[in-house]
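First up is the structure itself, then whatever we jot down about it.
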Amino acid sequence: MKQIRRQPLPQDKPRESKNEGGFGGFVCTSVGYGLARPLFVAALFMLVLLLVVFSGAHRSSSLDVLFVSKDSASKDVSNSSSCSANSSTPEEPPKDDKFLGGLHSSAFNEASCLSRYQSSLYRKPSNHTPSSYLVAKLRRYEALHKKCGPKTELYKKAVEHLKSNVSTGPLECNYVVWLPADGLGNRIISITSSFLYALLNDKVLLLDLPQDMRGLFCEPFPESSWLLPADFPIQNRYWIFEHDPHSYGNMLKNKVVSNEINITNVGNSLPGYLYLHLLHANDDFDKIFYCEDGQKFLQQFPWLLLRSNEYFAPAFFFIPEFEEELKLLFPERSTVFHHLGRYLFNPTNSVWGYITRYYEAYLANAREILGVQIRIFAFANVEIDVMLNQIMNCSVSEKLLPDVSLNGSALPSITGEKPKAVLLASLMGEYFDKLRDRYYEHATTTGEVVGVYQPTHEEQQHTEKLSHNMKALAEMYLLSLSDELITSPFSTFGYVAHALGGLRPWILVRNANQNPPCVRSLSMEPCFHFPPSFECKTKRKVDIGRVVPNVRHCEDFFLGIKLFD
């Protein structure tokens, strides 16, 4: 039997009192355990007959609640024992895993972040269980963050050390400060990578969230905040880039530092923090961050500022120092973002309202949901009709959607069957119009009914607006609830959606003849677009997609790499 996608929310849960068991419970209670009352039965029969007459204008399924099957009805009359208090109660659905296998702590007030504990009511159960080692690591990190987070004495002590502008070695609490770059998808994948870096190095992650991201996500760590305080002493953060005097790559290039330095032995010559420039356009000196020698050197600094728009988590799998730890944390290599993303990024109640209201209104009754995410980049522009044809070729050839009959010879619609929903996410509205009209104006060759839905069409990306980002997050999350997903290549928006949902997407292929129109991804992991292309010890160029067993080149970008099993 098909698994039910969504169980009732707590406030929707039907009462199970033996006196309130619906119409079937009313019959059992009134008729009694074999104590038939002829007059009552006759009256009940007349009542049902009248209801049938007056409801003739409605479709027949509206009467389903009034009747049971012929066989079960005869059993109810002849077998008094079958009319027990629970006879009208459906089989209890499996209990929801609201803690996601231990990812979520039980220390939160659930009402403060409904999405954290209600997501399992909307999404299919994950086939990937977090390791007990990862769960224990998260609890240890939460304790560290509570001890060292903002407003603690140890944080204040570390800030005073930072103000001295001198690094003399690690402190009791050491920090990674994440700085934003590019759109919401880029920010989410880089925060995830930064959090993994903090986990591997026992550092505390703080986010310098701009105003256009405030109010998107619940705080992930109990009794503490991951937000960088407004009075943080480094005030020029929005202008810190690769040529900054504190840039790690720049200092290596100018031989101000080397990875062999033990900073406890060099006096007052090193600054209070280093800046890590990990954007896509960085150079080989910046990318020495991904080498073991660079990691050991950086571990000595109590303050690191990090700016990235990339999913650089796969790079840690090349560093021998982290190899054993990563195996314990992620026995399934392709689950890094799936687990960490679901742990970190729980929409606030306001965004959760967007998600749940849209889902209940348009998607809850669907038999299956196909998510389609379309992103057109300026460097790879595609005409609307060409893109739409590619999406249809992919959908039909991979049996994700039925084809339509253009000559009117299609099968009639299957009466009573739930529709298949297409959830479209795109900045543009033309794709929705054309796809909706296709399935509205033409019947499908299988008789299936297809509904097409698009929550928003903003026309242009406005990352600087909070309202835009709230809608973008809602759409990412809605896409993650799909049964299957088609995504655009190179799109971090699509990466977030399929990785949160634990889905291996169908990626649209960018080539001249669009043959094949799409390919199935190796894994649900995002792509690291611009990894280092050299071997760390010798600095020789290598094929980075063939160095370690669980890392391969991405299907949608040949320079990139991704984790897979």
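Just a few scattered comments:
- Cys83 out of contact with any Pro (no Cβ under 6 Å at 6 or more places or on another chain) and either aromatic (Phe, Trp, Tyr) or at pLDDT 80 or above (or both): no
- Scan of the stretch 103-136 for residues that are open to solvent by 30 Å² or more (accessible area, probe 1.4 Å) and assigned to a loop (DSSP other than H, G, I, E, B), ordered by number: Ser106, Ala107, Phe108, Asn109, Lys124, Pro125, Ser126, Asn127, His128, Thr129
- Candidates Ala366, Ala421, Ala378, filtered to the one that is open to solvent by 70 Å² or more (accessible area, probe 1.4 Å) and under 27 Å from the mean Cα position of the chain (by Cα): Ala378
- Residue check, Lys253 crowded, with 19+ Cβ neighbours inside 10 Å and among the basic types (Lys, Arg): no
- Sub-6 Å Cβ pairs linking a first residue in the stretch 339-361 that is within 16 Å of Gly101 (Cα to Cα) and surrounded by 21 or more Cβ atoms within 10 Å (Cβ to Cβ) to a second residue that is modelled with pLDDT under 95 and acidic (Asp, Glu), at least 6 apart or interchain, number zero.
- Matching option when the condition is of a type in the set (Val, Ile, Thr), outside any helix (DSSP H, G or I) and buried (at least 18 other Cβ atoms within 10 Å of the Cβ), among Val176, Val166: Val176
- Hey, Leu326 in a strand (DSSP E or B), at negative phi, open to solvent by less than 40 Å² (accessible area, probe 1.4 Å) and at pLDDT 95 or above or not: no
- Selection status of Glu242, in a loop (DSSP other than H, G, I, E, B), of a type outside the set (Ser, Thr, Tyr), surrounded by 15 or more Cβ atoms within 10 Å (Cβ to Cβ) and at pLDDT 95 or above: no
- Filter result for Asp543 (among the acidic types (Asp, Glu) and touching a Pro at 6+ places or on another chain (Cβ under 6 Å)): no
- Considering only residues in the stretch 283-323 that are open to solvent by 20 Å² or more (accessible area, probe 1.4 Å) and in contact with a Gly (Cβ under 7 Å, 6 or more places away or on another chain), the one that is nearest to Met251 (Cα to Cα) turns out to be Phe285.
- Unique match (being closer than 20 Å to Phe493 by Cα and either in contact with a His (Cβ under 7 Å, 6 or more places away or on another chain) or surrounded by fewer than 14 Cβ atoms within 10 Å (Cβ to Cβ) (or both)) among Leu427, Leu411: Leu427
- Pair list, Cβ < 6 Å and 6+ apart or interchain, from the stretch 502-515 residues that are basic (Lys, Arg) to residues that are surrounded by 15 or more Cβ atoms within 10 Å (Cβ to Cβ): Arg504/Ser521; Arg504/Met524; Arg510/Pro489
- Of everything in the stretch 532-565 that is part of a strand (DSSP E or B) and in contact with a Phe, Trp or Tyr (Cβ under 9 Å, 6 or more places away or on another chain), the residue that is surrounded by the fewest Cβ atoms within 10 Å (Cβ to Cβ) is Lys541.
The values are calculated or read from the model by the stated rules, or taken from the named source; none is laboratory data. Remember, predicted model here, so these are calculated numbers, not experimental data. Here the Cβ is made from the backbone with ideal geometry for all residues, glycine too, and neighbour counts use every protein chain on show. The protein model used for the area step is the full one, side chains on, heavy atoms only, and it has no ligands, DNA or RNA in it. Shrake-Rupley method; radii C 1.70, N 1.55, O 1.52, S 1.80 Å.
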